[in-house]
Amino acid sequence: AAFTGGLKSTFAINWHYNQAVFYKHSSVLYSLEMPYPQVRRILYSIHTAHPKFAADRKRLGVSKCLPYEKIRDGELSEPEKRFLIECVVPDFNDPGNQYGHIHIEVADPDNSDVNINDLRSRSELLYAKDPAIRMLTIDHAGLMQSRNRHNSTTERLNEVLRDAKRLAMSFNRGMGIAINALFQISRE
């Protein structure tokens, strides 16, 4: 939990990246506030710092990792662009590296009332196809719909968190799974 701009999403994406690249675990990131391309650009930016690219950075004259903002805004120099397109993106997507998969699920524009049962259904379907999944992240829990109507945000969020705990314990018929539920702290 943190205030707006507290780097919750960045922290979660970095966690998913490390799980996939260094530990070979797959995971599911439910991004309810960022579109798919934004999440992918952040992952590529993180991957540009991987030590395996030291020789490529030197060869192309790229001194450090590529900032997300430069990738997002299309402000990469020609050598930086070549580094990203020729080295980083192909490596990140190369099945030969045996990285874990980061399944990025974004909010459905036709369904604004996503709840934990929706996440359970989608996650168990993904798990059936990729049993290496070890973690789910909900970014962020405050945007999830509770099962019941509540007058207060606190009661609604508490129900969402209780349901997330139940999902963590009962995932895949009791196997269980780690859930990282991010949410914003209210100024109230």
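What order, most packed first, do the peptides 59-68, 169-178 have when packing is the mean number of other Cβ atoms within 10 Å of each residue?
Values: 59-68: 15.3, 169-178: 12.8.
Ranked by mean Cβ neighbours within 10 Å, highest first: 59-68, 169-178.
Of the GluC sites (Glu not before Pro) in region 27-136, which ones lie in a loop per DSSP and count no more than 16 other C-beta atoms within 10 Å?
Details: sites: Glu33, Glu69, Glu75, Glu80, Glu86, Glu105, Glu124; in loops: Glu33, Glu75.
Sparse-neighbourhood loop GluC sites (Glu not before Pro): Glu33, Glu75.
Compute the distance in nm between two label points, each set 7 Å from the Cα along the Cα-to-Cβ direction, one at Ala132 and one at Arg173.
Each label point is offset 7 Å from its Cα along the Cβ direction, giving 2.4 nm.
What per residue convex hull volume, in Å³, do the alpha-carbon atoms of the chain yield?
On the way: hull volume 24.0 nm³, N = 188.
With only Cα atoms used, the chain gives 127 Å³ per residue.
For region 55-124, count all C-alpha to C-alpha pairs, find those more than 19 Å apart, and express that count as a whole percent of the total. Write down the numbers at each step before the final one.
Numbers: 1352 of 2415 pairs.
Tail fraction, whole percent: 56.
For region 1-109, treating each Cα as an identical point scatterer without solvent, what Debye log10 I(q)/I(0) comes out at q = 0.09, 0.14, 0.19 1/Å?
After summing over all Cα pairs, the log10 values are -0.24, -0.58, -1.03.
Cα convex hull of region 118-188: mean projected area in nm², to one decimal?
Approximately 4.9 nm², given one-decimal rounding.
Can you count the Lys pairs in the chain with C-alpha separation below 28 Å, eight or more apart or on different chains?
The number of close lysine pairs in the chain is 20.
Given contacts defined as C-alpha pairs under 8 Å and at least six residues apart, what's the relative contact order of the chain, whole-number percent? Before the final figure, lay out each step's value.
Values: 251 pairs, mean separation 58.6, N = 188.
After rounding, I find 31 percent.
Take the alpha-carbon centre of region 7-26, take the same for region 73-129, and report the distance between them in whole Å.
Between the Cα centres of region 7-26 and region 73-129 lies a distance of 11 Å.
Read the figures in this text as sums done on the coordinates, not as results from a lab. Keep in mind that what you see is a predicted model, and the values were worked out from it rather than measured. Cβ coordinates were reconstructed from backbone atoms using ideal geometry, including for glycine residues, and neighbour counts include every protein chain displayed.
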